[in-house]
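The values are calculated or read from the model by the stated rules, or taken from the named source; none is laboratory data. Because the structure is a prediction, the values reported are computed rather than measured. A quick note on method: Cβ atoms are made from the backbone with ideal geometry, for glycine too, and the neighbour counts reach across all protein chains shown.
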Amino acid sequence: MNSLPMFPTDFTDMAGSLIIIVLSFLSLRYAYKLTKKQPDNFLWGFLFYFSMTLAAFAVSRAMGHLVKQILLISGNDEQWKILAPIAGGLNTLFMTSLAAVTIYYHKGIEGYHAIEEKADSLKSANRELQQTGSKLHEMNVHLEEMVEHRTQELSASEKKFRNFFINSKDMVFFCDAENRLVNMNASGLEMLGY
């Protein structure tokens, strides 16, 4: 019985391993740029750590495949049998790290949303305080204008009353609460002979 040639499979496995390494490092580079651009953004920080773990897993997995293919092609099957458990252990370690980062992502997102809600609440309260401050300032300015206008009206009224009191040809006088004479205009004093 003839067997199929393994070259296409081996080539695909090795090429795929190299592509996985290249793509994982490209994603790590992009995540790093996003993190530098917005350092306070939780999602970019998570993406960076996820990409780091993914790159480590890709290197471990791909290097394991590459070493395996090189050893098998070169006829060193026994050396691969010795290295296989180590490569498998590293793959398991990095896969577990990748899973842990993914699992804790949801808790991180919950915390991020809670912080975002608090920040939005504080921004809203700040806007309301600014609006209230503006209204109070406007009311204060308007109140000052009203007081000034009312003072002018009272001054004009007092001038009219004083003019009436002094120039009236009739007797005009004022008494206190005990009916004692407090003030009288000149016409009244003249009528009474004072």
For Gly75, all conditions in the list (1) of a type outside the set (Phe, Trp, Tyr); (2) farther than 27 Å from Leu54 by Cα; (3) part of a helix (DSSP H, G or I); (4) out of contact with any helix residue (DSSP H, G or I) (no Cβ under 9 Å at 6 or more places or on another chain) hold save one; what is the number of the exception?
(3)
What number goes with the only condition from (1) assigned to a helix (DSSP H, G or I); (2) in contact with a helix residue (DSSP H, G or I) (Cβ under 9 Å, 6 or more places away or on another chain); (3) over 30 Å from Asp40 (Cα atoms) that Gly108 does not pass?
(3)
Test result for Ser60, of a type in the set (Ser, Thr, Tyr), touching a residue at least 12 places away in the same chain (Cβ under 8 Å), in a helix (DSSP H, G or I) and under 27 Å from Phe11 (Cα atoms)
yes
Would you say Ala186 is farther than 30 Å from Ala55 by Cβ, aliphatic (A, V, I, L, M), modelled with pLDDT of 90 or more and loosely packed, with under 10 Cβ neighbours inside 10 Å?
no
Is there a residue in region 71-78 that is surrounded by 11 or more Cβ atoms within 10 Å (Cβ to Cβ), aliphatic (A, V, I, L, M) and under 16 Å from Ile20 (Cα atoms)?
no
Please pick out the residue among Ala56, Ala87, Ala100 that is hydrophobic (A, V, I, L, M, F, W, C), modelled with pLDDT under 85 and touching a Gly at 6+ places or on another chain (Cβ under 8 Å).
Ala87
I'm checking my understanding of the structure. Among residues of region 2-61 that are polar (S, T, N, Q) and within 23 Å of the chain's Cα centre (by Cα), which one is surrounded by the fewest Cβ atoms within 10 Å (Cβ to Cβ)?
Gln38
Which residues, counting only those in region 87-134, are over 14 Å from the mean Cα position of the chain (by Cα), farther than 17 Å from Tyr49 by Cα and surrounded by 11 or more Cβ atoms within 10 Å (Cβ to Cβ)?
Ala87, Gly88, Gly89, Leu90, Asn91, Thr92
Within region 39-57, track down each residue that is touching a residue at least 40 places away in the same chain (Cβ under 8 Å) and touching a helix residue (DSSP H, G or I) at 6+ places or on another chain (Cβ under 7 Å).
Phe42, Phe46, Tyr49, Phe50, Thr53, Leu54, Ala56, Phe57
Residue pairs, Cβ under 9 Å, 6 or more apart or interchain, first in region 141-169 and under 21 Å from Leu189 (Cα atoms) and modelled with pLDDT under 90, second aliphatic (A, V, I, L, M) and not in a helix (DSSP H, G or I). List them.
Phe164/Val172; Phe165/Val172
Need the failing condition index for Phe174 against (1) over 60 Å from the mean Cα position of the chain (by Cα); (2) assigned to a helix (DSSP H, G or I), just the number.
(2)
For the list (1) at pLDDT below 90; (2) closer than 30 Å to Leu43 by Cα, I need the number of the one condition that Glu128 fails.
(1)
